[in-house]
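*Asks:* Below you'll find the structure I mean.
The values are calculated or read from the model by the stated rules, or taken from the named source; none is laboratory data. Keep in mind the model is a prediction, meaning the values are calculated, not measured. Glycine gets a Cβ as well: all are built from the backbone with ideal geometry, and neighbour counts include every protein chain shown.
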Amino acid sequence: MSLKIIGTGKGIPEKRVTNHDLAGFLDTNDEWIVSRTGIKSRNVCSHETLTDLAAAAALQALDKSGLRPEDIDLIICSTIGGDYRTPSLACCVSNSIGASCPAFDVNAACTGFIYALEIASGFLADEKTDNILIVCAEMMSKHMDWTDRNTCVLFGDGAAACTVTKGNALKYIDLSASADVSLLQVPSGTGNSPFVDEKKEYGFLNMQGQEVFKFAVNVVESGVKQALDKLNVSAEQIDLFLLHQANKRIVDSVRRALGQPEEKFPLNIAHYGNLSSASIPLLLFEMLEEDKIKPGDTLFMSAFGAGLTAGSCVMVWE
Ligand code: ACO
């Protein structure tokens, strides 16, 4: 079963933090961050919860698709960590918007949106499921060590949602996990169990940036080539490449390898930083708001993240 997206929404926290703000308490500067990543500012939670952002995105997506919370048959949230370890963020969103359907989270790091689409496609094959709400929401600020300039300058907080229903837009999807868990981690602690041999504290995100960079360029490039081969289309026939916004240099590298023009590779990293799984659906939301996607357009989406996970899909917009 394929699917189509019928509404999108976003939830961004109020507080905007520029590179200059970061330089006020970190040994960094705007020139380094812009030239190495393309990021100029990011928004971070101050008074908002992740549920607030996710619910705002969800309600906007419902509104744009003409659906009410009671029309939703399933809520899938993608996050690397909700407001609680349990209940799931999806249950918190359901409670917040007044839905009454099954709800669960998926954690595939930055690839979570593509994983959620594949899961949604499976559920839509069942006749009892018509409408699914996918919400990708990340509070990266709570996973960062704000004294570590190598990581905290890269990420932001935010949510993006879409409503999906039965349709024929999704033409191709491919997921992977290479099981290299050492390159990007947010360690979980052992709590205060008196029985554990080696006590571990909850930790902050650590990442071998250059290794992840190489993985990202390779996996996105090979993902594009595999999709084009499978569908027997050329890069010229793809109207928009919506790629995970981790580093502008990764997007530029893929674009150059494919010999495609800049306008086919929209970016929002300058204003949001890396929003993990919310990056691609937020980009999709923005492109739709700006009328840059029309029925019949072919979109390629690709993401990568901790795991290391990766995923690509092709949609012909309906
Ligand atoms: N400000 C100033 N200098 C800095 C900063 C900073 N914020 N951060 C690092 N530097 C310094 C380093 O200390 C180093 O200095 P040294 O040469 O004196 O040791 C120098 O800059 C170069 O550092 P590199 O790590 O080599 O910089 P690089 O060009 O590789 O860029 C970056 C680092 C931006 C992290 C890049 O490797 C990258 O984008 N990697 C991919 C990250 C990614 O895609 N993550 C996605 C997954 S996210 C998820 O799944 C949750």
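*Asks:* Return yes when Leu175 is of a type in the set (A, V, I, L, M), over 30 Å from Ile75 (Cα atoms) and within 16 Å of the ligand (Cβ to nearest atom) and no when it is not.
*Replies:* No: the conditions fail for Leu175.
*Asks:* Quick one: which of Thr111, Thr51, Thr28 is in contact with a Lys or Arg (Cβ under 9 Å, 6 or more places away or on another chain), outside the structural domain of Ser277 (by TED's automatic domain parsing) and among the hydroxyl-bearing types (Ser, Thr, Tyr)?
*Replies:* On the way: Thr111 fails: in contact with a Lys or Arg (Cβ under 9 Å, 6 or more places away or on another chain); Thr51 fails: in contact with a Lys or Arg (Cβ under 9 Å, 6 or more places away or on another chain).
The conditions single out Thr28.
*Asks:* Counting only residues that are more than 25 Å from Arg85 (Cα to Cα) and part of a loop (DSSP other than H, G, I, E, B), which one in the stretch 115-146 is farthest from the ligand (Cβ to nearest atom)?
*Replies:* Glu127
*Asks:* Of the residues Ala108, Ala56, only one is of a type outside the set (S, T, N, Q) and away from the ligand (no atom under 16 Å from the Cβ); which?
*Replies:* Only one candidate passes the filter, namely Ala56.
*Asks:* Restricting to the stretch 26-47, and then to whatever is more than 9 Å from the ligand (Cβ to nearest atom), in contact (Cβ under 8 Å) with a residue 60 or more places away in the chain and of a type outside the set (A, V, I, L, M), can you tell me which residue is surrounded by the fewest Cβ atoms within 10 Å (Cβ to Cβ)?
*Replies:* Lys40
*Asks:* Are any residues in the stretch 3-25 surrounded by fewer than 19 Cβ atoms within 10 Å (Cβ to Cβ) and polar (S, T, N, Q), and if so, which ones?
*Replies:* Answer for the stretch 3-25, where residues must be surrounded by fewer than 19 Cβ atoms within 10 Å (Cβ to Cβ) and polar (S, T, N, Q): just Thr18.
*Asks:* Which numbered condition trips up Asp105, out of (1) in contact with an Asp or Glu (Cβ under 7 Å, 6 or more places away or on another chain); (2) acidic (Asp, Glu); (3) crowded, with 18+ Cβ neighbours inside 10 Å?
*Replies:* (1)
Condition check ((1) β-branched (Val, Ile, Thr); (2) modelled with pLDDT under 95; (3) touching a helix residue (DSSP H, G or I) at 6+ places or on another chain (Cβ under 9 Å); (4) within 16 Å of the ligand (Cβ to nearest atom)) across all residues:
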{"residue": "Ala169", "(1), (2), (3), (4)": "no, no, no, no"}
{"residue": "Ala179", "(1), (2), (3), (4)": "no, yes, no, yes"}
{"residue": "Asn192", "(1), (2), (3), (4)": "no, yes, no, no"}
{"residue": "Tyr202", "(1), (2), (3), (4)": "no, yes, no, no"}
{"residue": "Val217", "(1), (2), (3), (4)": "yes, no, yes, yes"}
{"residue": "Asn232", "(1), (2), (3), (4)": "no, no, no, no"}
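*Asks:* Could you give me the residue pairs with C-beta distances under 7 Å whose first residue belongs to the stretch 144-156 and is over 15 Å from Val212 (Cα atoms) and not assigned by TED's automatic domain parsing to the domain that holds Ser276, whose second residue is among the hydroxyl-bearing types (Ser, Thr, Tyr) and near the ligand (Cβ under 6 Å from one of its atoms) wherever it lies, and which are 6+ apart or on separate chains?
*Replies:* Qualifying pairs under 7 Å: Arg149/Thr28; Val153/Thr28.
*Asks:* Looking at the stretch 140-147, can you tell me whether even one residue there is charged (D, E, K, R), more than 22 Å from Met315 (Cα to Cα) and out of contact with any Ser or Thr (no Cβ under 6 Å at 6 or more places or on another chain)?
*Replies:* Taking every residue of the stretch 140-147 in turn, at least one turns out to be charged (D, E, K, R), more than 22 Å from Met315 (Cα to Cα) and out of contact with any Ser or Thr (no Cβ under 6 Å at 6 or more places or on another chain).
*Asks:* Only one of (1) free of Cβ contacts under 8 Å to residues at least 12 places away in the same chain; (2) touching a strand residue (DSSP E or B) at 6+ places or on another chain (Cβ under 9 Å); (3) closer than 19 Å to Ser176 by Cβ is not met by Glu289, so which one is it?
*Replies:* Here Glu289 meets the rest and fails (3).
*Asks:* Here's a follow-up. Out of the stretch 89-113, which residues are touching a Cys at 6+ places or on another chain (Cβ under 9 Å) and closer than 17 Å to Gly158 by Cα?
*Replies:* Leu89, Ala90, Cys92, Val93, Asp105, Val106, Gly112, Phe113
*Asks:* If you don't mind, there's one more thing I want to ask. In the stretch 155-188, what count of residues is obtained for those that are among the hydrophobic types (A, V, I, L, M, F, W, C), in a strand (DSSP E or B) and surrounded by 18 or more Cβ atoms within 10 Å (Cβ to Cβ)? Explain how you work it out, then say what you get.
*Replies:* If we filter the stretch 155-188 for residues that are among the hydrophobic types (A, V, I, L, M, F, W, C), which is where we start, we get 155, 159-162, 164, 169-170, 173, 175, 177, 179, 181, 183-184, 186.
Next, from what is left, pick out any that are in a strand (DSSP E or B): 155, 159-162, 164, 170, 173, 175, 177, 184.
Of the ones still in play, those that are also surrounded by 18 or more Cβ atoms within 10 Å (Cβ to Cβ) are 155, 159-162, 164, 170, 173, 184.
The number of residues fulfilling the criteria is 9.
*Asks:* Given the conditions (1) surrounded by fewer than 21 Cβ atoms within 10 Å (Cβ to Cβ); (2) over 23 Å from Asp30 (Cβ atoms); (3) away from the ligand (no atom under 11 Å from the Cβ), and given that Ala270 satisfies all but one, which numbered condition is not satisfied?
*Replies:* (2)
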